[in-house]
Amino acid sequence: MHRRHDALKDVSHLNSAVSRSKLAWQLLRPYGKYWYYQLRPDRRPEYFQSTWKLPNESLSDSATPVLNPDDTAFVFLPMVDWHVRMQRPQQLALALARLGHTCIYVNPHLGCEYRLPYLFDSEPRVGRISDRIFELHVHLPHEHESHSRSLRAPEVTRVVDAVAAVMNHYGISNAVQVVSFAKWLDVARVLRAEHEFPLIYDCHDRWDAFPRIAKEIVAREGELLAAADHVSFSSDSLRRAVLGPHPEYVYKSSVIGNAVSARDFTAASGKPRQDSRPTVGYAGALEEWFDVEAVFHAAQSLPHCRFEIVGRIECGRLHRLRRLPNVEFAGEVPYRSLPQFLQRWDAAMIPFLINRVTSTVDPIKLYEYFSIGLPVVATALPEVSQRYSDLVYVGRNAAEFTTGVEAALAESGVFLRQRRREVGGRETWLNRARAMQELSRSLQSRASATVA
């Protein structure tokens, strides 16, 4: 318990940052939410429903050990819900599982996903995503959006105890933590102090550029950098941006870029097109960084082309594109259905505004597009235009973007398509997982030598 006390000694000051009125609301919120969803079940987010469709059990149920105790498991403390959109943490977990590692993926909602309020269902539960991937649910009494505040000391204790319980439940004694959000900092510190689990901060976004994330969480990234045994970045530009104010941590950092599970895309076959027009597609987040003007200009200038946009609209500006008859929104689709869309496109887009969010991004969709050889037109994202200028048509403004779409659709021959496929075949999540595997072994060896 001394180790836990030492790891939590700096948490108490955070409690004062959460007002009594806010805490009172967070305690009452789940009961109001329950009745609201009873009256309006159509409003319950799909990702809250999907998680309970998995086989799941409480930690009081009997269990069979899932791996040799000497093997290494990975505990993911993520920003993203597994069921919202397939992103880097989920892909790394899937690839690590393919390499034989058990992965524990902690649901970041910490109770918001439960069907019943805390008073009626307070026990942690474990869902089975695959034979080696388990989703841990921890129900906190004070329900809140994951990005809205840091965890208080009692909440840290509850999450730590749940992680320890699930490890014991499945006979796991050896693990590495993969933390991707500073909200988990104190949880990770206690897990390392009590169980000697090395801490990897897997930094895949520039969190200080997201306005919806609480400032108190963003402010703790420096602490997470200091506490981490190693920091992996999804791009070199992100590493430079984050470590600019913290050059003292460069020595314990590396780049493990984004990638693609190429087999998911090359094995798929698209549904026959009912429209003979050339089709340009986009699949991904439809947030404030989507360059509406570039796509509007291209669609308006090329009325003979069809533009298909896949994703859930989360920025009102995108509705402007509905004015154009040749722009179609397919909505959010499951990851397993995504390859079918890509297979029927003639070209693909990455139309991002250049800002603090996107200037360091290594777009996962680029590798997904490449995996089937699609011509790609993108705005001038540094990671794209600098690394793949010979394989991507880059538009620095709306007019150039339109020209890029025309060039992508006019591309002939197989040479460029084959080169893109080669990139997709090389930049795989399995290779990224191997890099994470080697990193974890190095950290564990170092920890063992320190203890000895």
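No lab work stands behind these numbers, since they all come straight from the coordinates. Bear in mind that the values here come from a model prediction, so they are computed numbers and not experimental data. Neighbour counts are summed over all protein chains in view; Cβ atoms, including those assigned to glycine, are modelled from backbone coordinates with ideal geometry.
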Packing-ranked peptide list from 41-53, 250-262, highest mean Cβ count within 10 angstrom first, is 250-262, 41-53
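So what is the calculated 222 nm ellipticity per residue for the chain, using -39500 (n - 2.57) for each DSSP H run with n of 4 or more, over all residues, to the nearest 500 deg cm²/dmol?
Numbers: 18 runs with 174 residues, N = 452.
-11000 deg cm²/dmol, from helical runs alone.
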Starting from the Cα of K22, draw a straight line to each of the aspartates and glutamates and keep only those under 13 Å, dropping any in the same chain fewer than 8 residues away.
-> E143, E145
Please list 360-370, 322-332, 288-298, 165-175 highest first by mean number of surrounding beta-carbon atoms within 10 Å per residue.
-> 360-370, 288-298, 165-175, 322-332
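Quick one: of K215/K365; K183/K215; K183/K365, which pairs are farther than 22 Å apart, Cα to Cα? Write out the running numbers ahead of the final one.
Details: K215/K365 29 Å; K183/K215 11 Å; K183/K365 27 Å.
Flagged as over cut-off: K215/K365; K183/K365.
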Beta bridges by DSSP in region 2-255, antiparallel share as percent, to the nearest 5 | 25
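Of the DSSP beta bridges with both residues in the chain, give the percent that are antiparallel, rounding to the nearest 5. The partial results should precede the final answer.
Details: 9 of 51 bridges.
Close to 20 percent.
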Measure off 7 Å from each Cα along the Cα-to-Cβ vector at S389 and R115, then give the distance between these two points in nanometres to one decimal.
-> 5.6
Scan around I350 for amide H atoms under 5 Å from its own, H built in the peptide plane at 1.01 Å from N, and keep only partners 5 or more places away or cross-chain.
-> V377, A378, T379
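In debye to the nearest 20, how big a dipole does the chain give about its Cα centre with +1 on each Lys and Arg Cβ and -1 on each Asp and Glu Cβ? It would help to have the intermediate numbers written out before the result.
On the way: 56 positive and 51 negative charges, 115 e Å.
Here the chain has a charge dipole of around 560 debye.
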Over what distance in Å are the Cα centres of region 120-195 and region 209-243 separated?
-> 20
In whole Å, largest first, the alpha carbons of the chain cover along the principal axes 67, 56, 43
Percent antiparallel among DSSP beta bridges confined to region 262-426, rounded to 5, stands at 5
